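Undergrad: Pasting a structure here, questions to come.
The values are calculated or read from the model by the stated rules, or taken from the named source; none is laboratory data. Everything numeric in this text was worked out from a predicted model, so none of it was measured. Please note: Cβ atoms are built from the backbone with ideal geometry, for glycine as well, and neighbour counts cover all protein chains shown.
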């Protein structure tokens, strides 16, 4: 599919001047002059413009050739590791909604998708705000009124996801009436993840108890009560002190009472309907519980899609047909407030699973999107494969340094704003307004200043005050 040059089929002319003038020339960028479009996330070949989601518009004037007002698109063909940073209220969670809208099956056709084949997604919704993706904006909500006005200005129609499912753990506040219960199967949790969850070292008496218990119960559909019974049986532990077992049983019994675990809980396969968006509403859980859910999902996605693609490759090599089992070819895992599930300075259940996911997930068709307001607090080993960044306003130098270190291209060196030449990239980030960010990718010679488009579905992150 090619880009249209008809004004009625393009986005509104919302940017014709900018307060930001970048002195560094943009010597390399994936630009399509037909319709004035800039593509991020892949190098363009011939006129293959399919599988692009609409991000927004170029906001900077540039020395030399300027792309001010051009439409900005992001590739959805290849697996990405996308890193979104910004202070609270800068627009990072908004970006997540924009990206998910762009890859999902929508209720009606929208120009925000340029021949996009819908992709299955799972959102780790740590603030329980993405349920609104399933609904168009409403005029009765003041913040939505402003959103509807912006949509008109951008020549966009309100829309919503056609296949959004919301899941909530037992005991969580629900307000839709359609939420499905989210419970973890104990057998899906590995020994090292149990240790991290319960605050125990893997190579300790308590770690040995957990490993031996899981080995004894095997692949049966066991409950936490079965774990407690096995640990509580003196005959199973002739050389282990009772105090070591108590350190485990007290915490396990606490989790038994939460009902977060169940032998009949959901399998990750339950989230893999092709093109569906699965929103896990986790606001009321403890951070370590959010991390555990993330670990189980990331690890199982890697295993399931890895096997799926290996079978496809083998069948292709031997020129055999492969019908598959309904597993989608691609999945995006989206994590809001990623520093909560994978903190830098403490052991978390999700750490190992996410490191493996980003290092080897590309061949399995897996993308990862991470958003955080505290880049310096996020475990940086998870960021080793970042290839696209959205850098919003940040204030603290430690966070700015951590964010800039992961930008996959050069940052802007000199930018003029309000009559002042800014030569420190941190100062440039500090002056950005909400919804403005420096977008970086490996196909561009430097970061590019972009105004993110308005959401077409209702935005759940508005302030009620």
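Undergrad: Just wondering, is there one or more residues in the stretch 60-67 that are part of a strand (DSSP E or B), touching a residue at least 12 places away in the same chain (Cβ under 8 Å) and touching a helix residue (DSSP H, G or I) at 6+ places or on another chain (Cβ under 9 Å)?
TA: For the stretch 60-67, residues part of a strand (DSSP E or B), touching a residue at least 12 places away in the same chain (Cβ under 8 Å) and touching a helix residue (DSSP H, G or I) at 6+ places or on another chain (Cβ under 9 Å): absent.
Undergrad: Of these, 354, 370, which one is closer than 30 Å to residue 200 by Cα and in a strand (DSSP E or B)? Show your work before the answer.
TA: On the way: 354 fails: in a strand (DSSP E or B).
370 is the lone residue from the list that is closer than 30 Å to residue 200 by Cα and in a strand (DSSP E or B).
Undergrad: Among the residues of the stretch 81-92, is any buried (at least 16 other Cβ atoms within 10 Å of the Cβ) and assigned to a helix (DSSP H, G or I)?
TA: In the first step, residues of the stretch 81-92 are kept if they are buried (at least 16 other Cβ atoms within 10 Å of the Cβ); the result is 81-87, 90-92.
Now restrict to residues that are assigned to a helix (DSSP H, G or I): 92.
Checking the stretch 81-92: at least one residue is buried (at least 16 other Cβ atoms within 10 Å of the Cβ) and assigned to a helix (DSSP H, G or I).
Undergrad: Also, I was wondering about something else. Can you tell me how many residues within the stretch 259-303 are surrounded by 19 or more Cβ atoms within 10 Å (Cβ to Cβ) and more than 21 Å from residue 348 (Cα to Cα)?
TA: Qualifying residue count for the region: 8.
Undergrad: If you take the residues in the stretch 221-242 that are outside any helix (DSSP H, G or I) and under 32 Å from the mean Cα position of the chain (by Cα), which one is nearest to residue 198 (Cα to Cα)?
TA: Step one: list which residues in the stretch 221-242 are outside any helix (DSSP H, G or I), which gives 221-223, 233, 237-241.
Now drop any that are not under 32 Å from the mean Cα position of the chain (by Cα), which leaves 221-223.
On the way: 221: 21, 222: 18, 223: 16 Å.
The qualifying residue nearest to residue 198 (Cα to Cα) is 223.
Undergrad: Continuing with this model, one more query. Would you pick out the residues in the stretch 274-293 that are within 18 Å of the chain's Cα centre (by Cα) and not in a helix (DSSP H, G or I)?
TA: Hits for the stretch 274-293 are 274, 275, 276, 277, 278, 279, 280, 281, 282, 283.
Undergrad: Go through 375, 349, 343 for me and flag whichever is crowded, with 23+ Cβ neighbours inside 10 Å and either over 28 Å from residue 42 (Cα atoms) or within 13 Å of the chain's Cα centre (by Cα) (or both).
TA: Details: 375 fails: either over 28 Å from residue 42 (Cα atoms) or within 13 Å of the chain's Cα centre (by Cα) (or both); 343 fails: crowded, with 23+ Cβ neighbours inside 10 Å.
Exactly one residue qualifies, and that residue is 349.
Undergrad: Still on this structure, please answer the following. State yes or no: is residue 174 touching a strand residue (DSSP E or B) at 6+ places or on another chain (Cβ under 9 Å) and modelled with pLDDT of 95 or more?
TA: Against the criterion (touching a strand residue (DSSP E or B) at 6+ places or on another chain (Cβ under 9 Å) and modelled with pLDDT of 95 or more), residue 174 does not qualify.
Undergrad: Need the failing condition index for residue 408 against (1) in a loop (DSSP other than H, G, I, E, B); (2) within 30 Å of residue 147 (Cβ to Cβ), just the number.
TA: For residue 408, the failing item is (2).
Undergrad: Moving on to the next point. Just one of the numbered conditions (1) within 26 Å of residue 284 (Cβ to Cβ); (2) outside the structural domain of residue 219 (by TED's automatic domain parsing); (3) crowded, with 22+ Cβ neighbours inside 10 Å is not true of residue 127; which one?
TA: (3)
Undergrad: Does the stretch 317-324 contain at least one residue that is surrounded by fewer than 23 Cβ atoms within 10 Å (Cβ to Cβ) and within 23 Å of the chain's Cα centre (by Cα)? I'd like the intermediate steps shown before the answer.
TA: Of the stretch 317-324, the ones surrounded by fewer than 23 Cβ atoms within 10 Å (Cβ to Cβ) are 317-324.
Those still in the list that are within 23 Å of the chain's Cα centre (by Cα) too: none.
Within the stretch 317-324, not a single residue is surrounded by fewer than 23 Cβ atoms within 10 Å (Cβ to Cβ) and within 23 Å of the chain's Cα centre (by Cα).
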